[in-house]
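Have a look at the structure below before the remarks.
The values are calculated or read from the model by the stated rules, or taken from the named source; none is laboratory data. Because the structure is a prediction, the values reported are computed rather than measured. Here the Cβ positions follow ideal geometry from the backbone for every residue, glycine too, while neighbour counts run over all protein chains shown.
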């Protein structure tokens, strides 16, 4: 037995209406009947799911060919409805008789389990297996345990601070759920949230999180703490429920706290299913006075229209763009563009996953407003976060460097070369930094204000010209020079022509001449800054 799921059917229904959806179902039925023929039993088993039976004489390879042919029939010759082209694709789950079941009910259940696997992967179809059955049984058991966990008080909240990049103070936090499983210990949300969304348990869990945050805020207010807004994550399933606003308002009233102490975070995917309905709900959130944040910005469609239409207060740059922000010019450009765009719309920007001083300093230089991440704190228990609030814990920001301080960065994987250059150049009064690789140098550049760079060419992992290419994109004002005994004229010429390298110097060097080149580089930097 084969179970088929139509992709995008729900989206078509939402965007074009139920009449279009019915037209799609009729069109699909006709295509499947024509492709499969009269010998294969075809039935609609609900919603956008169809089931059909293929002769038991077919081997797995033959079944795969039939599914490929069926998928092609749906992809080709798309449906036209009211002048709009509607393209439909499908995923398939397969269960075999008698290996996977000897009755229709068991075969259908196992085919649907295989379909789930296909939908969670990039495969068009999947065959049922005993391992899959065991996994399905485990999920059923885990879902039942999760149902018990809600009433048994096994769910707990941890809090990850948000820190202001100007003052270094805690200005907010995100509430992150954990499950204190009686047998498996403390489970992160990745272990059960998807299951909660699939089973509908996300609704009571989401309501519990909102109530728990409001209750905790009330405790801190009563204790005289300097309270900050706490953000809760809301899924598309919660947003689609008509009583979401009532749940929110009830929790605020029950615990008698200001709505300004509660922020709502949601991702673009939560808005996409029904944008009109989402706009109405979020307008209600705004009228209550809660803050709104768009999470994981940059990973989805990242449409500026969302920022304008839904009146967010802030956007959060996804951690995937922060991880290599000091080493990857592309990630740096994306983060910088998000910051500039958000600020032009009068929104605050929060960077997630900040782990190093280099990342912090680079984002601060680009005007990012707040950070979250291990650089300041992971998500911590309520007791630890309360202690941070009580003690007014903050980041001790570095003192600004004097504007007239001349800083030179030497990059060479041979320590004796760097040492010789340091001894020779320090007499000219420069502040000299030393890195042994391009990656280390990029981290130093994020932390320090550097005017002139001298780099070796032949270094492991990243050559001098590759390193300076990245520097030219991220720190275009720097004066960049190569000092190397290795001369590849083509590479050097291309780098000079692109502007990545200002000057190429050769080893061994003549001390006085090199000192003059460095002085000239600093003079050039000063002249360009004045212009």
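Of the residues 465, 436, 470, which is closer than 22 Å to residue 325 by Cβ and touching a residue at least 60 places away in the same chain (Cβ under 8 Å)? The match here is 470. Residue 206 meets all of the listed conditions (1) out of contact with any helix residue (DSSP H, G or I) (no Cβ under 6 Å at 6 or more places or on another chain); (2) closer than 21 Å to residue 352 by Cβ; (3) in a helix (DSSP H, G or I) but one, namely (1).
The criterion of at least 1 residues that are closer than 22 Å to residue 109 by Cα and at pLDDT 80 or above is met, among strands (runs of 3 or more DSSP E) falling completely within segment 1-84, by 42-46, 49-52.
Tell me the residue from 307, 288, 292 that is within 18 Å of residue 239 (Cα to Cα), assigned by TED's automatic domain parsing to the domain that holds residue 365 and free of Cβ contacts under 8 Å to residues at least 40 places away in the same chain, please.
Numbers: 307 fails: free of Cβ contacts under 8 Å to residues at least 40 places away in the same chain; 288 fails: free of Cβ contacts under 8 Å to residues at least 40 places away in the same chain.
Criteria check complete, one pass: 292.
One residue alone among 245, 203 is in contact (Cβ under 8 Å) with a residue 24 or more places away in the chain, within 20 Å of residue 295 (Cβ to Cβ) and more than 26 Å from the chain's Cα centre (by Cα), and that residue is 245. One residue stands out among those in segment 222-256 that are outside any helix (DSSP H, G or I) and over 21 Å from residue 177 (Cα atoms): the one that is modelled with the lowest pLDDT, which is 242. Mind telling me which of the residues 409, 442 ends up being in a strand (DSSP E or B), modelled with pLDDT of 95 or more and over 30 Å from residue 216 (Cα atoms)? From the options 409, 442, the qualifying one is 409.
In summary, residue 366 fulfils each of the numbered conditions (1) buried (at least 17 other Cβ atoms within 10 Å of the Cβ); (2) over 16 Å from the mean Cα position of the chain (by Cα); (3) within 30 Å of residue 287 (Cβ to Cβ) with the single exception of condition (3). Within segment 333-355, the set of residues being modelled with pLDDT under 95 and over 29 Å from residue 286 (Cα atoms) comprises 333 only. Taking the conditions exactly as written (at pLDDT 95 or above, in contact with a strand residue (DSSP E or B) (Cβ under 9 Å, 6 or more places away or on another chain) and crowded, with 21+ Cβ neighbours inside 10 Å), does residue 454 satisfy them or not? Yes.
Scanning segment 494-526 for residues that are more than 15 Å from residue 479 (Cα to Cα), more than 39 Å from the chain's Cα centre (by Cα) and in a helix (DSSP H, G or I) returns 511, 512, 513.
Every residue, every condition in (1) buried (at least 21 other Cβ atoms within 10 Å of the Cβ); (2) in the same structural domain as residue 195 (by TED's automatic domain parsing); (3) closer than 14 Å to residue 208 by Cα, yes or no:
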site: 232; (1), (2), (3): yes, yes, yes
site: 236; (1), (2), (3): no, yes, no
site: 247; (1), (2), (3): no, yes, yes
site: 254; (1), (2), (3): no, yes, yes
site: 258; (1), (2), (3): no, yes, no
site: 263; (1), (2), (3): yes, yes, no
site: 266; (1), (2), (3): yes, yes, no
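Per this entry, residue 529 is counted among residues that are in contact (Cβ under 8 Å) with a residue 12 or more places away in the chain, in a helix (DSSP H, G or I) and loosely packed, with under 12 Cβ neighbours inside 10 Å. Within segment 310-360, if we keep just the residues that are without any contact (Cβ under 8 Å) to a residue 24 or more places away in the chain, assigned to a helix (DSSP H, G or I) and touching a helix residue (DSSP H, G or I) at 6+ places or on another chain (Cβ under 6 Å), the residue that is nearest to residue 162 (Cα to Cα) turns out to be 321.
Put simply, of 421, 445, 483 the only residue that is within 33 Å of the chain's Cα centre (by Cα) and surrounded by 15 or more Cβ atoms within 10 Å (Cβ to Cβ) is 445.
Taking each residue of segment 135-148 that is more than 10 Å from residue 192 (Cβ to Cβ) and looking for partners that are modelled with pLDDT of 75 or more and in a helix (DSSP H, G or I) with beta-carbon atoms closer than 6 Å, six or more apart or interchain, yields 136/113.
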